[in-house]
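The structure under discussion appears below in the form of structure tokens.
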2 protein chains.
Amino acid sequence: MSKGIISKDEDYSQWFNELVIKADLAEYSPVRGCMIIKPYGYSIWEKMQTVLDKMFKDTGHSNAYFPLFIPKSFFSKEASHVDGFAKECAVVTHYRLKNDGEGNIIVDEEAKLEEELIVRPTSETIIWNTYKGWIQSYRDLPILVNQWANVVRWEMRTRLFLRTSEFLWQEGHTAHATSEEAIAEAEQMLEVYADFVENWLAVPVVKGRKTPSERFAGALDTYCIEALMQDGKALQAGTSHFLGQNFAKAFDVKFSDKENKQDYVWATSWGVSTRLMGALIMSHSDDAGLVLPPKLAPIQVVVVPIYKHQEELDNIRNYVNSLSAELKAKGISIKFDDRDTQRPGFKFAEYELKGVPLRVAIGSRDMQNGTVELARRDTKTKETTTQEGLAAKIEGLLEEIQQNIFDKAFKFREENITKVDDYEEFKRLLDEKPGFIAAHWDGTPETEQRIKDETKATIRCIPLNNPQEEGKCILTGRPSKERVLFARAY
Amino acid sequence: MSKGIISKDEDYSQWFNELVIKADLAEYSPVRGCMIIKPYGYSIWEKMQTVLDKMFKDTGHSNAYFPLFIPKSFFSKEASHVDGFAKECAVVTHYRLKNDGEGNIIVDEEAKLEEELIVRPTSETIIWNTYKGWIQSYRDLPILVNQWANVVRWEMRTRLFLRTSEFLWQEGHTAHATSEEAIAEAEQMLEVYADFVENWLAVPVVKGRKTPSERFAGALDTYCIEALMQDGKALQAGTSHFLGQNFAKAFDVKFSDKENKQDYVWATSWGVSTRLMGALIMSHSDDAGLVLPPKLAPIQVVVVPIYKHQEELDNIRNYVNSLSAELKAKGISIKFDDRDTQRPGFKFAEYELKGVPLRVAIGSRDMQNGTVELARRDTKTKETTTQEGLAAKIEGLLEEIQQNIFDKAFKFREENITKVDDYEEFKRLLDEKPGFIAAHWDGTPETEQRIKDETKATIRCIPLNNPQEEGKCILTGRPSKERVLFARAY
């Protein structure tokens, strides 16, 4: 126990929950499986949105907005799609409440919808129904649209950020004249996601393809990025789907090419969600609280004054004002916590819990000596340094911290990818030292399912540019040409 | 008729619909009353969001996110609130679909929710239920939170942007220790809205208070900004509510003050929505299409080359590249439309329709003479000007256009506020020269209702700092101390 959070070695799952709640990131709502994202948590999500949105626009995409509700009939037009989502759909059946005459508010049965509406779990169907009106000719292609939205998937077992009935996400939906172009788009967006997650969240990822049974409902190919959490479980951090002509056929979306020949349009969709918050938290944090990479930290530097008399505080404040101006000019966010209701030690613990990358403590002796005490959240190291040149030093340190957090997670990930050729060893490892296991598989969904049933491990992905090697399936002994990555996953 | 849009004098309502659709702003979806906001329309909304979000943060607010669904029981806790919204609520009753065995997808009756969920029409109830957990002491106050979200109000008669079953908005929800502070907050946010609408949308507004019968369901006082559209109908562009202790009492949210005395918390809420898009379009546009104020135009300057041979185009392109660099350095967005599939005249009409503030046309003779043709969308004037100093000239012109658009709307508004003291004249004016009518009213809801029933005009607001004068109610002749603003409204 430390600062009221259980140790992650004691109970990783409980540690995560307590951390999310005590660091003011999010909390459960009274609505089953839905969460409230608190201002501190939301400000991290906003930073993610801003960066991603710019990346999408830099690759030629525009934002648009499609309806929250999808008519039930649309939803059933693509067969595997409805199979994939039907079991977790929130359904709107009525559009009015009324007073029952005895003071109770009840659903007005006379206001029943002719056709039920599904709260979108994803928007392929409503969007492809719309694209039918937007696309006639090759001149209308490509369509490169993204939507920031809330979606609902009625989950039975929920966890804050990782699996909630309502979540926030972005969903890109693009339309192309050729299969090649659509595949290139799906691959490009996977690269965008990998770049973002590694360079902003400081979380290393494996880029790969899903096996057919793990694909998105309606996709011909699903690309994914997979990250490894500190408990050795994998987390899918983003997916990009090549949808082929499935949705174009379901919604009859054709275009005429330059030779005036008609063909169905080729599609992709791709998304990341507030689940990334879970990946961020679980990759770096410790028993003292959050560890945030500086590039996504809402507060990058916090200054805590240590003083007895008001004039000491005024003196410190003067100095902090000039430091603030220097840091803000560099685009670095700084908070001066001059609350007189809390002691410095309390504040130290609070900013540790909230993952602020750098803490500056300044006392009266520091002011006399022209020094400050600088503490790093990632390494938990402290040093006394001069006030002169402090802004430049902080700028350099923030970059160093960002890199260090990534390096640490990368080293952990590398240490936890194990090649295994024996099924007993495979099972033992999953229990004793969980992580990614690179093993041979015979390529059949039956074997994949049996391994999943017996071990709870799934094939996370077939890595891109996977080395080809002869081998035997870990379960059946049948021949295999490459290893795939197994893990237990969130 | 012009460019395929009906004249606004012929049918204002039809003109608005055609304009929204042909300018690629939005379209209806197959879901009753829900709209699709297309990329061009959404990019204007995004600009609005960015500016407003900064204004909210500059006044101390943070963003957060609360659930889409509200338990039916919450909704009924504040009596006037449920009365205000019960008639237009989308209700979720089930959480699963299934195959009926004959290939049809139907609602799974076994997956019925124990308590129905309401899709939020506004979030006071779920938020005040949450604030109960956040507030114990005066130290926890104020809470200054905003949410960007979609909301649903099941409207029977819908219009793109103006009244849709689902719309996008922001809703601020603040909690305070004193009544005075909450009122000051509500008034501050009204000022923020007025500032935004006048200085960015270039739409002049009257700031005022609603009469008791026009207040938000659950508010003690509703402040509003009211704008006048070109057809003389008013449009409520934003509201800010002083909620008193109503929601705190409904959800039992108390705090202890410095003397450790318990009291209920004071509240405000305030919002603007995609309705602002309607106000923007209807305030300035004409029969040729949109007129956008430069500060919100997704494309501020468009360049159309006029050429016969490729080398002429290359020559023009060289010049445009350097102009672009200069404009981008000034933060001005420019588009070079070098499509060879459309003629210049077609492009001119298209950018007129889309409301691009400035059009630059460049031909080969211009390149020889060092000139360009510059056309303003707002005044429809053209001039030939030198390439030298063009970027600076454009910068100045965009400011001038922004001001001119506002001035024109302001002049129209001023010409259409009429003082009337006779009921017959009041009715005649509403039909013949609609606009704001400043008239005396006896202050009773009965008179207000009768005037509404007889004329369809409502009291839009009691202006802030309203001049006090003795008069007689236009309907009943009873004494009155001030004029209020009547209009037919959207």
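In chain A, helices alone account for a calculated mean residue ellipticity at 222 nm of -11000 deg cm²/dmol, with every DSSP H run of four or more residues adding -39,500 (n - 2.57). Between B:Asp340 and A:Ala288, the modelled label-to-label distance comes to 6.5 nm, taking each label 7 Å out from Cα in the direction of the beta carbon. Normalised by the number of residues in segment B:199-348, the average gap of Cα pairs under 8 Å and 6 or more apart makes the relative contact order 17 percent. Rounded to the nearest 5, the antiparallel percentage of DSSP beta bridges internal to segment A:299-400 is 50%. With a Förster radius of 35 Å applied to the beta-carbon distance between A:Thr418 and A:Lys380, the computed FRET efficiency rounds to 0.75.
Take each residue in A:26-38, count the other chain C-beta atoms within 10 Å of its C-beta, and the mean is 6.
Between the beta carbons of A:Asn260 and A:Lys481, assuming R0 = 25 Å, the FRET efficiency works out to 0.05 to the nearest 0.05.
Under 5 Å from the amide H of B:Gly244 lie the amide H atoms of B:Leu220, B:Ala267, each residue being 5 or more positions distant or on a separate chain, with H modelled from the backbone and absent for Pro and chain starts. Each Lys and Arg adds +1 at its Cβ and each Asp and Glu adds -1 at its Cβ; summed about the Cα centre, the protein assembly as shown shows a dipole of about 280 debye.
The three principal axes of the Cα atoms in chain B give end-to-end lengths of 80, 69, 56 Å, sorted in falling order. Cβ-Cβ distance of A:Lys328 and B:Ser137, R₀ of 35 Å, FRET efficiency by 1/(1 + (r/R0)^6): the value works out to about 0.65.
A straight line joining the Cα centroids of segment B:1-57 and segment A:302-364 runs 48 Å.
In order along segment B:366-376, phi translates into HN-Hα couplings of 4, 5, 5, 8, x, 10, 9, 9, 10, 10, 8 Hz, rounded to whole numbers, per the Karplus curve 6.51 cos²θ - 1.76 cosθ + 1.60 with θ = phi - 60° and x for Gly and Pro. In a simple Cβ point-charge model (Lys, Arg +1; Asp, Glu -1; nothing else charged), chain B has a dipole of about 320 debye relative to its Cα centre. Once each of the GluC sites (Glu not before Pro) sitting in a DSSP loop with at most 11 other beta-carbon atoms within 10 Å is removed, chain A keeps A:111-258 as its longest stretch.
Considering only A:Gly443, A:Gly471, A:Cys461, the residue lying farthest towards the positive end of the dipole of segment A:417-487 is A:Cys461, judged by Cα position with unit charges set on Cβ. Legend: mean number of C-beta atoms from other chains within 10 angstrom of residue C-beta atoms, peptide A:107-119, equals 4. Segment B:178-219 and segment B:441-481 have their alpha-carbon centroids 20 Å apart. Since only B:Leu485, B:Thr379, B:Tyr12 are under comparison, the one whose Cα sits farthest along the positive direction of the charge dipole of the protein assembly as shown, derived from C-beta charges on Lys, Arg, Asp and Glu, is B:Thr379. In the P(r) worked out for segment A:299-400, what percent of Cα pairs fall beyond 16 Å? Of the Cα pairs, 53 percent sit more than 16 Å apart. Modelled spin-label separation between A:Ile21 and A:Glu446, with each label point placed 7 Å from Cα along the Cα-to-Cβ direction: 4.7 nm.
Under 5 Å between amide hydrogens, built in the peptide plane, is the criterion, and for B:Asp286 it picks out B:Val291 among residues at least 5 positions away or on other chains. State whether the protein assembly as shown is rounded, prolate or oblate according to the following rule on the C-alpha gyration tensor (a ≥ b ≥ c being the square roots of its eigenvalues): a/c under 1.5 gives rounded; otherwise a/b larger than b/c gives prolate, and the remaining case gives oblate. It is rounded, given that a/c, with a ≥ b ≥ c, falls under 1.5. I'd like the distance separating the alpha-carbon centroids of segment B:377-424 and segment B:135-153, in whole Å. About 39 Å separates the Cα centre of segment B:377-424 from the one of segment B:135-153.
Any read-out appearing in this document is the output of simple, stated calculations on the displayed coordinates, not a laboratory observation. Please read these numbers as outputs of a predicted model, since none were measured by experiment. Here the Cβ is made from the backbone with ideal geometry for all residues, glycine too, and neighbour counts use every protein chain on show.
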